[in-house]
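Below is one structure; the comments refer to it alone.
The values are calculated or read from the model by the stated rules, or taken from the named source; none is laboratory data. For clarity, every value in this text was computed on a predicted model and none was experimentally measured. Please note: Cβ atoms are built from the backbone with ideal geometry, for glycine as well, and neighbour counts cover all protein chains shown. For accessibility, only protein heavy atoms count, side chains too; no ligands or nucleic acids. Shrake-Rupley method; radii C 1.70, N 1.55, O 1.52, S 1.80 Å.
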Amino acid sequence: MGGFFALFEGYDVVAAFWMNIQLAFWAAIGSLVLGTVLAVMRISPIASLRWFGTAYVNIFRNTPLTIIMVFSVLGLWGQLQVNFVNDFDLNFFMLAILSLSLYHAAFVCEAIRSGVNTVPLGQAEAARSIGLSFLPAAWLIILPQAFRGAIAPLGNVLIALVKNTTVAAAASVAEASGLMKTMIEFRPDVMTQIFLTFAIGFVVIVIPIGLLTTWASKKLAVAR
Amino acid sequence: MRKTRYAAVAFAAAAALTMSACGGDSGTDAGGEDTGSSDTITIGIKFDQPGVGFMENNEPSGFDVDVAKYVANELGYSEDQIEWKETPSAQRENVLENGEVDMIFASYSITDERKQRVAFAGPYFIAGQDLLVNADNNDINGPEDLNGKVLCSVTGSTSAQKIADTQPDVNLLEQGGYANCVTAMQGGQVDAVTTDDIILAGLASTDANSGKFKVVGNTFTEEQYGVGISQDSDQCEAINTAIRTMVEDGSWEEAIMANTEGADYSYNDELNPPEPAACA
């Protein structure tokens, strides 16, 4: 067991988890923004926008994240030579955030749309009757109530996102699952302890998110 | 009502089919200690390293596979008594400990940490970390030429860690497999791929890659490929004898040459062929 604890001097487990948290943070913002735009498209009165929103959700929701991630590395960077920044590692960090955001935006969109379904039709009709057109009605009346009704499903998406940040290993980001592989490669004698360390690490990150969103979804639910 | 009943029957049938798919692996003798003729032996190899351990259309190939076949033959198992099993790096110790495989030939370097959980026969080959570059690249002749260059290796591999430790100025791209690295090198964004020389040679000798890449031939580590066996196995001496015979009758040399053809590669002949170490 002493040998196991000495491992933490050679391998920076905390830094690796911090990388996952950073990925999750930026991808959560990215996917929330993009997902909201998509949700608005899908409830808009313009048929072509609705079509685009539906197509986006169906394509990205049904494509494995690993494929999106590998495409962004081998396709965007490898073949098309896309470089967001000159810093080598930061570039892959951003490619990983891009992939995570594109993928989870589809789920965020559907979570928000389920929230929109909790808003009674009378709200939209009332908004229209006081002269609001579609965008102001969506922004001022529908979406605020929809978000409050969508907190629990959005929390689920966030939890999935946190765990999916491990896929960023495919984009050469030095995060927890990659470090776990390295540690197991060099220290198979304490493989079980290494595995449990990382499993517990994710539990520690994810459980508070679950508790927080459950609490918030009750606290912020629209009383009807 | 009738529809639900049909659905239930269909579901049960599907479940039965999938279940039976799981139970197919019967008749494997986990011990593999006796060299009887009717038994099978389960051998773990890599499935994704062309030229070393590779599985395509249910047909294993590569240097590891050739050595495994030879050793199994010496132990009294003909080729159709061998059951091949994929053993990715992270699973090798586990499958040996729980008896799922009898021997592992999977570019398995002998290390003290691994010896805590498994035993090794051999080594049957001494590899070294090397670089694979485009065939027309003459600028990179060793790790010291890599500063500022983009180098690709596999996430969590010994090779990746070695470069990260010794060459901090190298831009290290970590990918899920060496095939991805080679793809990125063909795209022009990666300057070199690194891992053990024989794995690189195998990659460069596939039909699709033949003639496009070269192994630099300047190894900077020493990896002793051993035969992984469980700690209570009594086959170590027999395996070592088989390896010695293989080297003596020329099959060893033949296997290396056949599996690295077209890669412009020669193994490190100061260290190879190795003399198997004494069994514990």
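From the residues in the stretch B:160-216 that are open to solvent by less than 20 Å² (accessible area, probe 1.4 Å) and in contact with a Pro (Cβ under 7 Å, 6 or more places away or on another chain), which one is nearest to the other protein chains (Cβ to nearest Cβ)?
B:LEU203
Check every one of the helices (runs of 4 or more DSSP H) wholly within the stretch B:34-120 and list those with 3 or more residues that are in contact with a strand residue (DSSP E or B) (Cβ under 9 Å, 6 or more places away or on another chain). Walk me through how you get there before you give the answer.
On the way: elements: B:63-74, B:92-97, B:112-115.
Where helices (runs of 4 or more DSSP H) fall fully within the stretch B:34-120 and carry at least 3 residues being in contact with a strand residue (DSSP E or B) (Cβ under 9 Å, 6 or more places away or on another chain), they are B:63-74, B:92-97.
Pull out all pairs, ordered by first then second residue, where Cβ-Cβ is under 7 Å, the residues are six or more apart or on different chains, the first lies in the stretch B:76-101 and is more than 17 Å from B:GLU56 (Cα to Cα) and within 10 Å of chain A (Cβ to nearest Cβ), and the second is part of a helix (DSSP H, G or I) and among the β-branched types (Val, Ile, Thr).
Cβ pairs passing all conditions: B:ALA90/A:ILE184.
Being part of a helix (DSSP H, G or I) and more than 11 Å from A:GLY178 (Cα to Cα) is the filter here, so list the residues in the stretch A:6-18 that pass it. Quick ask: steps written out before the conclusion?
Filtering the stretch A:6-18 down to residues part of a helix (DSSP H, G or I) leaves A:6-10, A:13-18.
A:ALA6, A:LEU7, A:PHE8, A:GLU9, A:GLY10, A:VAL14, A:ALA15, A:TRP18, listed by residue number.
Scanning the stretch B:149-159 for residues that are under 17 Å from the mean Cα position of the chain (by Cα) and open to solvent by 10 Å² or more (accessible area, probe 1.4 Å), which turns out farthest from the other protein chains (Cβ to nearest Cβ)?
Quick first cut of the stretch B:149-159, residues under 17 Å from the mean Cα position of the chain (by Cα) only: B:153-159.
Within this subset, residues satisfying the condition of being open to solvent by 10 Å² or more (accessible area, probe 1.4 Å) are B:154-155, B:157-158.
Working: B:VAL154: 9, B:THR155: 5, B:SER157: 6, B:THR158: 6 Å.
In this case the residue turns out to be B:VAL154.
I'd like the residue in the stretch B:221-243 that is over 14 Å from B:LEU75 (Cα atoms) and among the small types (Gly, Ala, Ser) and, out of all such residues, is farthest from the chain's Cα centre (by Cα).
So, considering only residues that are over 14 Å from B:LEU75 (Cα atoms) and among the small types (Gly, Ala, Ser), the one farthest from the chain's Cα centre (by Cα) is B:SER230.
Can you tell me how many residues within the stretch A:137-175 are within 14 Å of another protein chain (Cβ to nearest Cβ), more than 16 Å from A:ILE209 (Cβ to Cβ) and in contact (Cβ under 8 Å) with a residue 24 or more places away in the chain?
Of the residues in the stretch A:137-175, 8 are within 14 Å of another protein chain (Cβ to nearest Cβ), more than 16 Å from A:ILE209 (Cβ to Cβ) and in contact (Cβ under 8 Å) with a residue 24 or more places away in the chain.
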